[in-house]
Structures are given as structure tokens and as C-alpha cells.
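Take a look at the structure set out below.
We did not get these values from a lab; they are worked out from the coordinates using the rules stated. Just so it is clear, the model here is predicted, and its values are computed rather than measured. In this analysis, Cβ positions are derived from the backbone assuming ideal geometry, glycine residues included, and neighbour counts consider all displayed protein chains.
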Amino acid sequence: MNFIALKMLIGDRAKYLGIIFGLAFASLLITQQMAIFLGLMTRTYGFLTDTPQPDIWVVDPKVQYIDDLKPLRETDVLRVRGVEGVAWAVRLYKGLLKARLPNGTFQNCIVVGLDDETLIGGPPVILEGELSNLRHNDAIIVDNVGADGKLANVTPDGRRIPLRIGDTMELNDHRAIVAGICRVTRTFQSQPVVYTTYSRATVFAPRERKLMSFVLVKANPGYDLSELCQRIRKTTGLAAYTKDEIKTITVRYYMKYTGIPVNFGITVILGFIVGVAIAGQTFYNFTQDNIRYFGTLKAMGASDFMLLKMVLLQAAMVGGIGYGMGVGAASTFSFLSGRTELSFCMPWQLLVASAVAIALICIISSFLSMWRIVKLEPAIVFKT
Amino acid sequence: MIEMNNIAVRCEGVTKTYGSGSTEVHALRGIDLEVRKGELMMLVGPSGSGKTTLISIIAGVLDRDGGECEVFGSDFNEMNSRERALYRSQNVGFVFQLFNLIPALTAAENAAAPLMIRGLKRREALDRACEVLDRVGLGDRTRSLPSELSGGQLQRVVIARAIVHNPRLIVCDEPTSALDHETGHKVMELLHNVAIGIDRVLIVVTHDARIFEFASRIASMDDGHIMQVVNSHHDLEQKKEN
């Protein structure tokens, strides 16, 4: 009977392709939008991903997410170092500074100031130069996307000349020399990232009483991180988070206070509805067009269960193909957009979620057809 | 006197009403009919006389409202839907006016459908269907789709589908009405030759007086009643004249 079900389905080529197209479109829309959403969310804590050395991030108690910069006092790093269980604690500066480009335009950059002695918190991948180059006068390391894009020198004839080692630029009216090119996780606002030492960053930054953004902490081996966080909070009065905790509060902040999840959620729901509407209607029409043949099979002795299995098999087949095509198209899109500003993150959990959505569409779509078949009187076969 | 064990189908006081209230239609108003094994019984009568309703009830695809109806000793009203489907898959073959062949299946696949419903493996079912198609003269068209066959050939495929699983009851609804006279005659000849058997009964609903000659007996229906049962179309004509 499976054979008959599949031949009936494929035999009506227009509807067969129509259902597959509907499901593929829904699958593409759902997968792609969720992947972009996840991509954007991972960008919100990209800085954390790029800074793997510390176990604990110490921040001002009022900080709501990683980019919510509320400076600490310089002495706070010393207080944290005094907490039992802390192996080391270093300063980190993070701020948004204006870079003046050779053609006179300005560009906001994320400037990260690393502990002068250890350079902990540096970029994950150095493409050109070395991290230790930061010890040179006025040295900075620029991320490759920024160097090739927003920080590139644009000539009068429109040519874009990327920043290279040895090039100079101005950061907040201070001379900076490019001493390396690195690769970092794209930032949420897609701004260039500039690394330098802590002391130089505080020179670049506008004068303020407090400038230190974070204290990065490494726990002694064997210490429970949650307990250490508690101890730091108790001892210093500052907020201390493990990496996972600060990632969570960052994502939660963006989920709660920005319209991003709602916007993407609406598109995903629309994809689902479009899938149900196109695939469901076409699938029901397919069943309706073949109702006489289902009736004939029923009259000849096919049980309701047998016919329902046929319908489910047909739904599973179009669902499988449609899902595969949609996910394939989304993956191709992801591959092609890999070098653009678009964020795209497609973990296996997303593929499972998309498969569940398509399965739901197929179940909803085939439900009406199954109902029609269960209610079908086999005597229909004698009607002309 | 008819021996009871020679009776294949026995209907007593069968009634069927469609709709209710002002739209109520009495399709059958107490049908008494017996069909013997080995017989080709024709049901004739004007449109709306209840012929199709009667074969639907006999074939177990429609519930009766009242009366009794036994097919080879079994009563469909005493079975649940699963048992009924199983009984039909083993004992009933169908020939339809509009063929009802699945367009996407070849002649052999269409003819093999009752065997696949009974759970036979596809290869085995197709082999048996090809044998039967050969018997009905379509051995060379087993791979043809319905759209590639003529009306007569389509009805042969339907006959092959109706007999492939050796059912004991074959019901035919206007098997020749979509065919020209010559093709219709040939189809009836074929049906007569391949379908009639000692332990089998054929019930044919028809308007087509040109095929009456193939009937063992003819039951004439009108307004939900069996008006008369005669042994040949000559008797029917004679009674009409009287």
C-alpha cells in the first residue's frame, strides 16, 4: 500500500511539487530566520567568546549586560586579588572611541585595553603581527573586518585601501599605529574592534574619574566558581559572574529590552502559517481530488488505518523532501553570506527545531485529509 | 424448491432511507431477494429505483436501515468496520461504471491493488495481476497507464481487478454504460466467461437491455421494490407486454 500511496502522490506532479515548494519555503524561512536570530544573539556576547582565559568577570553591580559599561575604581582589581581562591585578577578596559580616518571621516570603534603586563583578554586569532607588538609605542591591533571595511582608507576615486601594519590613524585625537591584524567574533553593532594596552587605552579614552570596565579573574584549581563569585560579591560589593552567567544575562537583556526576538518570532510564525496554508491546502486538495480512489480502495477492503498510513506516508515524504530542500537552501545562504555583515548561526538544535516545525505543519496539513478519509463512505464509489 | 446451501445472497425486507424530514427519500422499501451460487443476477429498473443502493448494501459498503441481508451466510451489520473491510477484501470484487482506476498506477498495479490490500508482497501481487490481465486479453498492456487505454481496455482492467483475488461476490454497476454496443457486448462476454463460477455470484446493475441475454435471472426494480424476478429477458419482455 505504501507503493500505491507514493505513486498516487508523485502521479499528481503539480500538486506534489506545490506541496514540496510550500514546505521547502516554510522550512527555509523558519530555519534562516532562526539562524539569523541565533547569529545576532551570539554576537551580543561575542566579546566573551573571544576572551576565554578568565573564569569570572567582575563588574559594577548595576551592569545589566556585557556592553553595559559602568566603570570600576582602579583599586577594585587589588581588592579582588585579595579574595581567597583567586589565582589572578587583571584589569580590562572596554569603550567606544572615535577614530579619525585619513579621508577625514570619523568611525566609532570598540577599544579594548589589555592588562599591560600579561596582555590577558587579547584577540583569539592574530592574522598579521604578534600580540606582543602592543608593547611598541602607540601600538594597536585592528580586527580584519574593520581594517578591510570601515577603517579602510577610501581614495578620492573610490578605491578602498585596507589598513595594514605600519599604517597610522587617530583615536580620539591620539596617534595610533597598526601593529597587527586580528580576527574576532563579529560585534552586535558591527563596529571595528581595536586592541591596545590598558594604560594606552586610558590615554585614548576621554578623561574620567573611573575607567576600568572589568576585572578578569582566574580561580585557583579546584575552586567552585559559583562559590568564588559569591565570595567576591561579599568581599568587594561588586558583581561577579561566571562566563555562562554573564552570557545568559546579556542574552536575556536583549531578549527582554529589544524587539529582536519579537520581530524574528513574527517572521518564524509567518513561515509556519505560510507552510500550513500552502502545504495544508494543497495537500487537502490532493486528497479531495483523489477521494474517489481512496473510496475505491476502502470499498475493496482497505481499512481506515491502512488509508491513514498512506496519507501519513505521503505527508512524511513531502515533509522530508521539503525540509531537506529548505534547510539546504538556508545552509547555502549561510555559506554564501559567510563573508558579509549577516549573522548566521545554525547549530544542530536549530535543525531539530526546524524539523519539528515542518513535522507539525505536515501533521496539521494531513489531519484534515485524514479526517476526510475516516468520514468517507465507501459507497461513494457507485456515485457518478 | 431452492436448497438453502445454494443461496449466496439473501435479502429479506431490506429498507434504506436517505435524509430526514422534508428531504427524506425511501430508496428501498422492503426488498426480498435471493441470489443463487453460480448465478449472474441482473438488477434492472429506472433511475432512482434503488438498484445501486441495493448492491451497495449487498457489497457491504452501505448500512441498511432495516430487514436482513446475508452474503454467503455473513451479515455485515453484525461486523465492526475492520471486520467488514477484511470481509470485503476477501470476498467482494467491484466493477464500476466509471472504472475508478487510479491514474498514476499501471494496469498491472491497478489490478494488483486488492492483493496488496490483503497484504501480499508487491512483486507477488503484480505477477498474479499480470496473469489475470493476460486472461482478459491485456497481457501486452500491463505497463500501460489508464490514460493510454481505450474504454473497453479500461473495463477489462477493472474486471481483472475484480477477480484477481478470487472473490465469491462480484458487484457490477453499469459495466457497459460507458462503452459502445460492440465493446459492451465483448466486456459482458468476458465477464461471463472469466467471472462466473460454481461458488461465485455476480450481481450486475444495468439499464442496458442489450446485455440482458447474459443474465441467469433478472430482477426488475421500481420505487424501492423488487417488482418481479424472471429467468430471461424474453420472460421480462413477455411480462411487460402482458
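Phi angles of the stretch B:151-162 translate, via the Karplus equation with coefficients 6.51, -1.76, 1.60 and θ = phi - 60°, into HN-Hα couplings of x, x, 5, 4, 5, 5, 4, 4, 5, 4, 5, 6 Hz per residue; Gly and Pro are given as x. GNM on chain B, alpha-carbon springs under 10 angstrom: the most fluctuating residue among B:G224, B:G73, B:G21 is B:G21. The amide H of B:Q97, built 1.01 Å from its N in the peptide plane, has B:D173 as neighbours under 5 Å, considering only residues 5 or more places off or on other chains. Magnitude of the charge dipole for the stretch B:34-161, about its Cα centre and with charges confined to Cβ atoms of Lys, Arg (+1) and Asp, Glu (-1), is about 440 debye. When the inverse distances between all different Cα atoms of chain A are averaged and flipped, the Kirkwood radius reads 24.7 angstrom.
Near the amide H of A:N108, within less than 5 Å, lie the amide hydrogens of A:A99, all on another chain or at least 5 residues away, with H placed in the peptide plane.
Over the protein assembly as shown, DSSP H runs of length four or greater, each weighted -39,500 (n - 2.57), average out per residue to a 222 nm ellipticity of -13500 deg cm²/dmol.
Looking at chain A as a GNM with Cα springs under 10 Å, which of A:A99, A:A87, A:A147 has the largest mean-square fluctuation? Of A:A99, A:A87, A:A147, the most mobile in the Gaussian network model is A:A87. In chain A the longest region clear of GluC sites (Glu not before Pro) that are loop-assigned by DSSP and have at most 15 other C-beta atoms within 10 Å covers A:209-340. Taking the 0 to 90 degree range and rounding to the nearest ten, how far is the long axis of helix B:122-135 tilted relative to the main principal axis of chain B, both from C-alpha atoms? With both axes taken from Cα atoms, the answer is about 70 degrees. Membrane-span-like helices in chain A (whole DSSP H runs, Cα extent of at least 27 Å along the helix axis, mean Kyte-Doolittle hydropathy of at least 1.6): A:348-374.
Pop out the Kirkwood hydrodynamic radius of the stretch A:73-237 from its pairwise C-alpha distances, inverse of mean 1/r, in Å to one decimal. Before the final figure, lay out each step's value.
Numbers: mean 1/r = 0.0592 Å⁻¹.
Taking every pair of different Cα atoms in the stretch A:73-237, averaging 1/r and inverting gives 16.9 Å.
Work out the mean other chain Cβ neighbour count within 10 Å for the residues of A:288-300 and drop it here as an integer. Mean inter-chain Cβ contacts per residue within 10 Å come to 5.
To the nearest ten degrees, helix B:107-117 and the longest principal axis of the Cα atoms of chain B are 60 degrees apart.
Projecting the Cα positions of A:Y223, A:I260, A:G328 onto the charge dipole of the stretch A:193-333 (unit charges on Cβ atoms of Lys, Arg, Asp and Glu, taken about the Cα centre) puts A:Y223 furthest along the positive direction.
Give the shape of the stretch A:145-266 as rounded, prolate or oblate, defined through the alpha-carbon gyration tensor: a ≥ b ≥ c are the square roots of its eigenvalues, a/c under 1.5 means rounded, and otherwise the shape is prolate if a/b is larger than b/c and oblate if not. Write out the running numbers ahead of the final one.
Values: a/c = 2.44, a/b = 1.50, b/c = 1.62.
Oblate.
Evaluating 6.51 cos²θ - 1.76 cosθ + 1.60 at θ = phi - 60° for every residue in the stretch B:200-206, the Karplus couplings come out as 10, 9, 10, 10, 10, 8, 7 Hz, glycine and proline recorded as x.
When every Cα-Cα distance of the stretch A:230-384 is counted in 5 angstrom steps from zero, the calculated P(r) takes the values 2, 7, 12, 14, 12, 11, 9, 8, 7, 6, 4, 4, 2, 1, 1, 1, 0, 0 percent.
Evaluated with a Cβ-only charge set (Lys, Arg +1; Asp, Glu -1), the stretch A:73-237 carries a dipole of roughly 460 debye about its Cα centre, given to the nearest 20. When only alpha carbons are used to place a centre, the stretch A:294-328 and the stretch B:138-185 end up 27 Å from one another. Each Cα pair of the stretch B:31-161 feeds into the Kirkwood radius, which the Stokes-Einstein equation turns, at 25 °C and 0.890 mPa s, into a diffusion coefficient of 149 µm²/s. Only the Cβ atoms of Lys and Arg (+1) and of Asp and Glu (-1) were treated as charged; on that basis the dipole of chain A about its Cα centre amounts to roughly 820 debye.
Using 1/(1 + (r/R0)^6) with R0 = 51 angstrom and r between the beta carbons of A:T75 and A:I364, what's the FRET efficiency to the nearest 0.05? Result of the calculation: an efficiency of 0.25. Given H placed on each backbone N at 1.01 Å, which residues far from A:A139 in sequence or on other chains put an amide H within less than 5 Å of it? When sequence neighbours closer than 5 places are left aside, the close amide H contacts are A:I177.
Among B:G224, A:I110, A:V311, whose Cα lies farthest out toward the positive end of the dipole of the protein assembly as shown, if unit charges sit on the beta carbon of Lys, Arg (+1) and Asp, Glu (-1)? Selected residue: A:I110. Per-residue shielding of B:92-104, expressed as the average number of other chain Cβ atoms within 10 Å of the residue Cβ, stands at 5. Inter-chain Cβ neighbour count for B:78-84, averaged per residue, equals 2 (cutoff 10 Å, partner chain atoms only).
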